[in-house]
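*Asks:* This is the structure, below, for whatever I ask next.
The values are calculated or read from the model by the stated rules, or taken from the named source; none is laboratory data. These figures come from a predicted structure and were not determined experimentally. With ideal geometry, Cβ positions are generated from the backbone for all residues, glycine too; neighbour counts draw on all protein chains shown.
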Amino acid sequence: MAGSRISFLILTLASGLMAQRAFEADGKVIYEDAHETRTNLGIGFNPLLTHDGRVAMLRGRSFGYGEPFDCDKSESRNWVSVYNPTTKSEKILFNRAVPFDGGKWKFCVFEQMQLSFDGSVLYLVSPVYATSGSLAIIHLASGSITFVPGVNYVCVIETGPHRDELIYQRRIYRKSPEDGLEYPGYPFVHARADGQQITEISDEYFTVGGNDEIPVLREYLRKIGGTITANGRKLP
């Protein structure tokens with residue numbers, strides 16, 4: 001009987017988390033609970049739900065490549081914060097500039113964020129280059145950072161034996177068999193948690209507003225038994 005009660009409690013908690021969601025609307029982050037009650041969390045973007053039901057997000061507006069920013073002004077930069085729906089409180093998780101290219105450029109504007117399952121590792125993509133972004137892998141406790149240049153989009157694998165490894169799109173040069181010259185592509189890549197590439201998956205792209213045109217990536221995720229959340233949707 002006790003085992004049945006525990007199982008019921010686990011299922012109840014799991015279904016509650018599954019019913020939660022966070023999304024963007026008009027430049028603001030909206031949190032919706034299991035009862036479909038919505039809370040406007042204010043200006044921000046790229047929200048994601050942590051495994052314990054909190055909302056991590058990029059605060060501030062979105063900045064594109066080449067847009068001026070100012071790390072000394074809150075209205076001209078981004079930072080990462082986490083909202084707790086239970087306590088209705090919010091705390092800053094990360095709020096400093098990141099030194100890309102060996103400190104040549106310090107960016108305090110970010111296009112996308114992800115977190116490891118336990119929240120100890122933060123993944124930030126910044127619009128560093130005209131042709132691509134760059135990924136910073138930040139260990140929050142120590143402050144150490146690993147960089148993967150050329151990354152435009154990153155997802156953390158959420159389940160299965162490869163949990164906390166990465167799926168990202170990265171600018172990669174390949175030599176053409178026709179003329180011997182190198183040309184860039186942006187394939188999906190499976191990588192370790194430290195950003196080191198494991199294998200290229202496919203030359204596919206997310207369609208605008210959807211994730212439909214990625215059959216090879218979907219099949220790869222099924223093969224390795226992993227799931228990701230991309231553009232607000234679970235894959236595969």
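*Asks:* Counting only residues that are more than 23 Å from Pro236 (Cα to Cα) and among the aliphatic types (A, V, I, L, M), how many does segment 177-216 have?
*Replies:* 1
*Asks:* Here is a further query. From the set of residues in segment 49-65 that are out of contact with any Leu (no Cβ under 9 Å at 6 or more places or on another chain) and surrounded by fewer than 15 Cβ atoms within 10 Å (Cβ to Cβ), which is farthest from Ala34 (Cα to Cα)?
*Replies:* Checking each candidate, the answer is Tyr65.
*Asks:* Now for a different question. Residues to consider are His190, His162; find the one that is assigned to a loop (DSSP other than H, G, I, E, B) and modelled with pLDDT of 95 or more.
*Replies:* Details: His190 fails: assigned to a loop (DSSP other than H, G, I, E, B).
Residue meeting the stated conditions: His162.
*Asks:* Here are the criteria: (1) part of a strand (DSSP E or B); (2) free of Cβ contacts under 8 Å to residues at least 12 places away in the same chain. Tell me which single one Asp212 does not satisfy.
*Replies:* Here Asp212 clears every test but (1).
*Asks:* Still on this structure, I have one more. Residue check, Glu200 against (1) surrounded by fewer than 17 Cβ atoms within 10 Å (Cβ to Cβ); (2) within 30 Å of Ala25 (Cβ to Cβ), all met but one. Which one?
*Replies:* Going through the list (1) surrounded by fewer than 17 Cβ atoms within 10 Å (Cβ to Cβ); (2) within 30 Å of Ala25 (Cβ to Cβ), Glu200 breaks only (2).
*Asks:* Okay, next question. Take segment 98-112 and flag every residue that is in a loop (DSSP other than H, G, I, E, B) and buried (at least 16 other Cβ atoms within 10 Å of the Cβ).
*Replies:* From segment 98-112, those in a loop (DSSP other than H, G, I, E, B) are 104, 108-111; that's our starting set.
Listed by number, the residues that qualify are Cys108, Val109, Phe110, Glu111.
*Asks:* Here's something else I'd like to know. Does any residue of segment 86-101 turn out to be in contact with a Leu (Cβ under 6 Å, 6 or more places away or on another chain), at pLDDT 90 or above and not aromatic (Phe, Trp, Tyr)? Let's see the steps before the verdict.
*Replies:* First pass over segment 86-101, keeping only residues in contact with a Leu (Cβ under 6 Å, 6 or more places away or on another chain): 94.
Next cut, at pLDDT 90 or above only: 94.
The next check asks that each one be not aromatic (Phe, Trp, Tyr); those that pass are none.
No, because not a single residue in segment 86-101 is in contact with a Leu (Cβ under 6 Å, 6 or more places away or on another chain), at pLDDT 90 or above and not aromatic (Phe, Trp, Tyr).
Rundown of residues vs (1) acidic (Asp, Glu); (2) buried (at least 17 other Cβ atoms within 10 Å of the Cβ), yes/no style:
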residue: Gly44; (1), (2): no, yes
residue: Glu67; (1), (2): yes, no
residue: Pro85; (1), (2): no, yes
residue: Ser89; (1), (2): no, no
residue: Gly119; (1), (2): no, no
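*Asks:* I would also like to ask the following. Condition test on Tyr205, is it part of a loop (DSSP other than H, G, I, E, B), in contact (Cβ under 8 Å) with a residue 12 or more places away in the chain and of a type in the set (Phe, Trp, Tyr)? Outline the logic, then answer.
*Replies:* Working: part of a loop (DSSP other than H, G, I, E, B): yes; in contact (Cβ under 8 Å) with a residue 12 or more places away in the chain: yes; of a type in the set (Phe, Trp, Tyr): yes.
The answer is yes for Tyr205.
*Asks:* Could you run through segment 22-46 and say how many residues are in a strand (DSSP E or B) and without any contact (Cβ under 8 Å) to a residue 60 or more places away in the chain?
*Replies:* Applying the first criterion (in a strand (DSSP E or B)) to segment 22-46 yields 22-25, 28-32, 38-46.
Checking the rest, the ones that are also without any contact (Cβ under 8 Å) to a residue 60 or more places away in the chain come to 22, 24-25, 28-32, 38-45.
Matching residues across segment 22-46 total 16.
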